[in-house]
Amino acid sequence: THAHLKVPAEAKLVVAQGSLAFKYVTDDALRESNGKPSSVTDWRGHNLPIDLEGRQVLQVLHLADIFRDPKQYWIAEQDWKRVDAHRRGRYPLPIPAYIEGSEENWDDAFTWFAAARRSGRPIVCDTEFIPDTGYLTVVGLGYRDVDGVVRGLQFDLRGRPALSVQVGWQLKELVKTNPFVFHNAMADVLILEKNLGIHYDDYRSIEDTMLAHAVLCGELPHTLVFAASIYSDYPRLKHLASEDLLLYNWGDVIATLFVFEALIEDFHYDRLAEGV
């Protein structure tokens, strides 16, 4: 029985098409950071955080969706490119290491800040905070150095007011020397201002991947999850908010970095959009 559901022994990757396949593979066990059950929309274009008889599972749109909505053709095309990326070992990439900044290893954090300032490279920043109070809990930072290596630094600021002061001093200097990249900048900028005293006028420049994506692809969703499903070669970590807040935050940092780099390249093909 159910022989048609068995994965052939030679298969290395399972491609789950559409919502029925998603429900079958996940058994409705996946939940988002807000506690709601995950949907195929949340995971299309990404590897599911499960295996099927030892194989990785890539979630994609159902091909029938193209006939119902021809605008989905481009999205489906990007989904199936992941299959070739899997075959070539280019997706998913291993999660890069990062420094966990604290009072105990402040010398490592200070060295990271100094190297980042010298590099002049764009710095991706993502924050976690309590929505009701605006209390900053986690700050994640990352950039790609001239050798192509991702350099990351993260601070867990929960219950650490002295560390927050030190981080605020260093960040205030860094925003003056390096462009800062956010996804939905107005959320992060206001949180950093409220908690660390970094004002809008302190920044050398601000890039927002959410707005950049809206300019280039006005008819598509502009969430980080969607943009990462097209551009990022790292696994989706958005489901980890309640399990591992620090890894969840780092996942947003590296996803935003990949999205930013891809959008910069895309702007080369649309100079009018780049002007906006």
Mind counting the residues in segment 162-221 that are in a loop (DSSP other than H, G, I, E, B) and more than 30 Å from Pro70 (Cα to Cα)?
8
Could you please find all residues in segment 155-200 being in contact (Cβ under 8 Å) with a residue 12 or more places away in the chain, open to solvent by 30 Å² or more (accessible area, probe 1.4 Å) and of a type in the set (Val, Ile, Thr)?
Thr177
Tell me the residue from Asp132, Asp126, Asp108 that is over 20 Å from Lys238 (Cα atoms) and surrounded by 13 or more Cβ atoms within 10 Å (Cβ to Cβ), please.
Asp108
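Of all residues being of a type in the set (A, V, I, L, M) and free of Cβ contacts under 8 Å to residues at least 40 places away in the same chain in segment 201-219, which is least open to solvent (accessible area, probe 1.4 Å)? Just the residue, please.
Filtering first and then ranking leaves Ala214.
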Within segment 222-255, take every residue that is part of a loop (DSSP other than H, G, I, E, B) and of a type in the set (Gly, Ala, Ser) and give me the one that is nearest to Leu272 (Cα to Cα).
Ser232
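Let's see how each residue does on (1) touching a Gly at 6+ places or on another chain (Cβ under 8 Å); (2) modelled with pLDDT under 95:
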| position | (1), (2) |
| --- | --- |
| Tyr73 | no, yes |
| Gly89 | no, yes |
| Ala97 | yes, no |
| Glu100 | no, no |
| Asp107 | no, no |
| Phe113 | no, no |
| Arg117 | no, no |
| Arg121 | no, no |
| Cys125 | yes, no |
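The values are calculated or read from the model by the stated rules, or taken from the named source; none is laboratory data. These numbers come from a predicted model, not from an experiment. Backbone-built Cβ (ideal geometry, glycine too); neighbour counts: all protein chains shown. These accessible areas exclude ligands, DNA and RNA; they are computed on the full protein's heavy atoms, side chains included. Shrake-Rupley method; radii C 1.70, N 1.55, O 1.52, S 1.80 Å.
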